[in-house]
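What follows is one structure encoded as structure tokens, with my remarks underneath.
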Amino acid sequence: MATAGLLAHGRGEAFDYLIGERTRDNARAAARAAVASMFLAEHPVISVNGNACSLVASELVELSQITGAPLEVNLFYYRKEREDAIVNALRESGADVILGTSNRPSATIPELSSNRRKVDPEGIGRADLVLVPLEDGDRTEALRRIGKRVVTIDLNPMSRTSVYSHITIVDNIVRALPLMIELAHELKNASRDELTSIVSNFDNIENLREAIATIKSHLTEQARTIDEATRVLSETGGS
Ligand code: ATP
Ligand code: MG
């Protein structure tokens with residue numbers, strides 16, 4: 001894994017601890033809106049980076065198959081071996097078409113430097129909606145600026161990605177993906193009216209506020225646990 005990838009993973013673990021390592025109601029609501037908006041989109045695409053692939057390759061393939069959103073490989077630091085490893089993991093999980101690989105045509109996102117400018121013209125290039133799990137803030141902002149609807153999964157409700165996205169699922173990707181698959185089965189025959197109402201009743205900033213409130217109350221609870229442990233210790237004569 002690239003060093004930046006490891007650092008991002010560590011940040012994720014810290015935030016997972018802060019939300020109590022479980023899927024909260026706000027994340028559930030965001031996942032529902034995310035899946036509904038994927039079904040409403042004309043050309044939804046799922047962007048896959050190294051971290052996402054190492055954690056949930058088979059779930060990404062399954063979500064792609066149910067929603068009809070193709071997978072597009074997107075690497076922060078391109079290396080052929082890294083791309084091959086991702087492609088192999090996705091293929092082993094049953095992926096058929098994989099966009100964004102170096103043998104495919106590429107277009108660029110204006111105003112972004114580095115490799116991350118590159119997009120597949122058949123994928124993110126023409127997409128109206130992009131699911132970008134564990135994405136970096138610069139790229140999220142650029143995708144939004146070129147008019148894409150952006151859906152993300154990010155444990156940090158204060159990251160730039162969380163704030164710039166239209167829909168942010170504040171949860172661990174290893175819990176969020178199975179939940180999205182379950183919701184996709186539930187919503188795949190829903191009417192467009194029903195899907196539209198789910199999406200229009202969702203307010204991302206309000207949802208991020210709820211995620212932060214959850215962290216606050218979880219920390220208050222944790223502080224109480226420490227007080228209680230200290231009390232028990234002193235009553236039982238511990239020093
Ligand atoms: P930003 O660039 O959006 O301000 P950042 O620079 O802190 O955020 P990046 O490395 O650019 O972080 O993006 C990775 C994001 O993925 C982080 O916000 C991190 O909390 C989140 N993350 C890491 N692991 C997971 C995981 N397993 N599930 C969900 N989110 C995760
Ligand atoms: Mg970043």
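The values are calculated or read from the model by the stated rules, or taken from the named source; none is laboratory data. Bear in mind the structure is a predicted one, so any value in this text is a computation, not a measurement. Don't worry about glycine lacking a Cβ; one is built from the backbone with ideal geometry, like all the others, and counts go over all protein chains shown. When the accessible area is computed, the model is the full protein with side chains, heavy atoms only, and any ligands, DNA or RNA have been set aside. Shrake-Rupley method; radii C 1.70, N 1.55, O 1.52, S 1.80 Å.
Comparison of THR220, THR161 shows that the only residue that is in a helix (DSSP H, G or I) and more than 18 Å from the chain's Cα centre (by Cα) is THR220. Taking only pairs six or more apart or across chains, which ones have beta-carbon atoms under 6 Å, a first residue in segment 78-89 that is within 17 Å of ARG117 (Cα to Cα), and a second residue that is modelled with pLDDT under 95 and part of a helix (DSSP H, G or I)? Going by the 6 Å Cβ cut-off, the qualifying pairs are TYR78/ASN115. Of all residues in segment 1-20 being under 18 Å from ALA52 (Cα atoms) and in a loop (DSSP other than H, G, I, E, B), which is modelled with the lowest pLDDT? Going through the qualifying residues, I end up with MET1. Within segment 4-20, the only residue that satisfies the criterion of being open to solvent by 100 Å² or more (accessible area, probe 1.4 Å) and away from ligand 1 (no atom under 11 Å from the Cβ) is TYR17.
For every residue, the table says whether it meets (1) loosely packed, with under 15 Cβ neighbours inside 10 Å; (2) polar (S, T, N, Q); (3) farther than 27 Å from VAL150 by Cβ; (4) out of contact with any Lys or Arg (no Cβ under 8 Å at 6 or more places or on another chain).
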| position | (1), (2), (3), (4) |
| --- | --- |
| ARG175 | no, no, no, no |
| LEU183 | no, no, no, no |
| ASN204 | no, yes, no, yes |
| SER217 | yes, yes, yes, yes |
| ILE226 | yes, no, yes, yes |
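The residues on offer are GLU62, GLU111, and the sole one that is within 16 Å of ligand 1 (Cβ to nearest atom) and either modelled with pLDDT of 95 or more or assigned to a loop (DSSP other than H, G, I, E, B) (or both) is GLU111. Check segment 150-162 and report whether any residue there is buried (at least 24 other Cβ atoms within 10 Å of the Cβ), aliphatic (A, V, I, L, M) and more than 16 Å from ligand 2 (Cβ to nearest atom). Yes, because at least one residue in segment 150-162 is buried (at least 24 other Cβ atoms within 10 Å of the Cβ), aliphatic (A, V, I, L, M) and more than 16 Å from ligand 2 (Cβ to nearest atom). Apart from one condition, LEU195 fits all of (1) modelled with pLDDT of 95 or more; (2) within 16 Å of ligand 2 (Cβ to nearest atom); (3) touching a Phe, Trp or Tyr at 6+ places or on another chain (Cβ under 6 Å); the exception is (2).
Candidates are the residues of segment 117-149 that are among the basic types (Lys, Arg) and open to solvent by 10 Å² or more (accessible area, probe 1.4 Å); the one that is farthest from ligand 1 (Cβ to nearest atom) is ARG126.
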